[in-house]
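**Q** Below is a structure I'd like to ask you about.
The values are calculated or read from the model by the stated rules, or taken from the named source; none is laboratory data. Fair warning: this is a prediction, and the values are worked out from it, not measured in the lab. Neighbour counts run over all protein chains shown; Cβ positions are idealised from the backbone, glycine included. Surface accessibility is based on the protein's heavy atoms, side chains included, excluding ligands, DNA and RNA. Shrake-Rupley method; radii C 1.70, N 1.55, O 1.52, S 1.80 Å.
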Amino acid sequence: MALKTIQLIDSHPARSDQYKHEFSALGYNLISYAGFQDYHHDAYAAGTFLYIINYADMVSQERQLVLDFFRDNQKKAVVITGVPLDAAKRLAFYDLGARRVFDDSYSLHDIIQILSAQMVMLSEKQKSHRFLLRGNLEEASLVRLINNLSRENRSGIIKIVTEENSGKIILHNGRLDDAQVGLMRGEEAFLHMLFWSSGNYNFTSATDQAAGSVITMSNIGLFLMAEQIRTRFIEQMQIFGSRFTVVQLINRGDVLQGLAPVYQKLVDFLSQPKPLYKALENPFLPCYRTLDFLVGLKSAGNLQIQDPVFSESRTKTKEAPPVPAAGGILSADEISQLRQNLQLTRQKKAKLIVIGSAASGKDALFRSLSGSGNEPTGSINYQFKQVLLTPDLELTVIGLNLEQSALTQLDLLSQDLNALVFMLSSQDQSRFEYQNYLLNQVLNKLDVPALAAVSDCQDKMECDRVSAQFILPRPVTWSAFDSSGGNILGRLLASIREPEKSKKETVSDQMEEQSA
């Protein structure tokens, strides 16, 4: 029974008996503990595939004990039951690595029925390949899917099928390992699929899969590269008006002269009329390089464009709108003060990481930077924008969600970092304890000036009440912050400064005072 052991931590005897009765009848060996304090990690650890833990028994323990439990069992399924009807509390457990979180509206019968239906998938570890999930890209983006699989350190294959094409992405222990679409391989193939907005996918786990290491960049590195490509991609798409615009290559003989073989294949592909989105999904070149090629064909008069609604053929190229200038974000005096606060001296580039909760206004910040013509990036786990503050100072702004995954991403993004901004909301009080834990982790990792900007505050007094609920390892500047209106970035940058000498004691100060 070693491969079918379930460990239950629940102090309620009647519930424990019901779990044991139901799962024993299904052939599973259930080991129960009267509480978290009785749980022994080494016992049955090798054969356990599932932990079921009652919320009240978990939160009654010291935080470090709970964090250690999730760290030690990150490759096993952990289910939390009886969580209060509070989305923030459920999300906190998902952030820690729980596979499923049941709130207290679920009856014990419902929980057992739901888990029983998933037991075969969870317990059959001896199978090297097993189907896990499927869906479509209209409902869940590829970035979100990969982020979820990466958080669980999955190994396996994502297969994607669109109307015009198909491809596969290989993960090894949560890391992008290889990708293939037609003639494309590695990073190029992955970036090509990342721009697909429709199609079906399925993920199959492959626990015995060896790493091929064809993709040499990190996951976050590829996502950042894609975001840089996306800016130009969106501008060029505006030239054609719609992804449904019909394109067809003309003057084929003229175009073929001197082209590399891969472009010759693309010419044959484009010689028949196709909606733009189908043309971009071709198996020969990634979509962003194909779009460059189409723009060149259009400029040379070798591309016929037809609106899918109106029959009128259009041959004159539209001018792409200019990228909105970022001037006026800060005054000259504020720029000078910012250089002084961040010790930029003569530097021409600076980097700022903004880590924000869902209610804090972080997404509004990046929408204000992107402009109305750009697609939002808030559906994925990072946001990225480069802003020209002055002709000789360029600021890179990177946004992360205030959750556990941000801690691993910081290791990849911290090089040449000049400042941190934590965006919090005074309305998010139920999550302050968890957010305090995350802020401690970040501040211990990165020794740069930090600002805690609190939105939904009526005045400084209310901001002080929020700051009083956080115990941090070093001083940060606290500021009441208005997340509405236009110049959000300017207001944040103007608030970054050296923190005042500790109105609020650090943890080490408190410990020294207590020992004295």
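**Q** Six or more apart or on different chains, Cβ under 6 Å: which pairs go from a residue in the stretch 45-68 that's more than 22 Å from SER107 (Cα to Cα) to one that's of a type in the set (Phe, Trp, Tyr)? Could you list them?
**A** Going by the 6 Å Cβ cut-off, the qualifying pairs are GLN61/PHE36.
**Q** Right, next: Inside the stretch 396-487, counting only strands (runs of 3 or more DSSP E) that do not spill past its ends, which hold 2 or more residues that are open to solvent by 10 Å² or more (accessible area, probe 1.4 Å)?
**A** On the way: elements: 419-425, 450-455, 477-480.
Here the list reads 477-480.
**Q** Within the bounds of the stretch 131-141, is there any residue that is more than 29 Å from HIS192 (Cα to Cα) and either at pLDDT 65 or above or open to solvent by 80 Å² or more (accessible area, probe 1.4 Å) (or both)?
**A** No, the stretch 131-141 has no match at all.
**Q** List the pairs whose first member sits in the stretch 167-195 and is touching a residue at least 24 places away in the same chain (Cβ under 8 Å) and closer than 17 Å to PHE223 by Cβ, whose second member is part of a helix (DSSP H, G or I) and open to solvent by 10 Å² or more (accessible area, probe 1.4 Å), and whose Cβ atoms are under 6 Å apart, counting only residues at least 6 apart or on separate chains?
**A** Cβ pairs passing all conditions: GLY174/SER150; LEU176/ASN219.
**Q** Hey, among the residues in the stretch 373-395 that are at pLDDT 75 or above and farther than 15 Å from ALA332 by Cα, which one's most open to solvent (accessible area, probe 1.4 Å)?
**A** GLN386
**Q** Here are THR317, THR290: which of them is modelled with pLDDT of 50 or more and either in contact with an Asp or Glu (Cβ under 7 Å, 6 or more places away or on another chain) or among the polar types (S, T, N, Q) (or both)?
**A** Only one candidate passes the filter, namely THR290.
**Q** If you check every pair at least six apart or on different chains, which have Cβ atoms under 7 Å apart with a residue in the stretch 432-458 that is among the charged types (D, E, K, R) first and a residue that is part of a helix (DSSP H, G or I) second?
**A** That search, which allows pairs on different chains as well, returns LYS445/LEU410.
**Q** Tell me yes or no: at least one residue of the stretch 7-14 is at pLDDT 85 or above and part of a helix (DSSP H, G or I).
**A** Filtering the stretch 7-14 for residues at pLDDT 85 or above gives 7-14.
Restricting the remaining residues to those that are part of a helix (DSSP H, G or I) gives 13-14.
Checking the stretch 7-14: at least one residue is at pLDDT 85 or above and part of a helix (DSSP H, G or I).
**Q** Can you tell me which residue in the stretch 208-247 is modelled with the lowest pLDDT, limited to those that are more than 18 Å from ASP292 (Cβ to Cβ) and in contact with a Ser or Thr (Cβ under 8 Å, 6 or more places away or on another chain)?
**A** My answer is ASP208.
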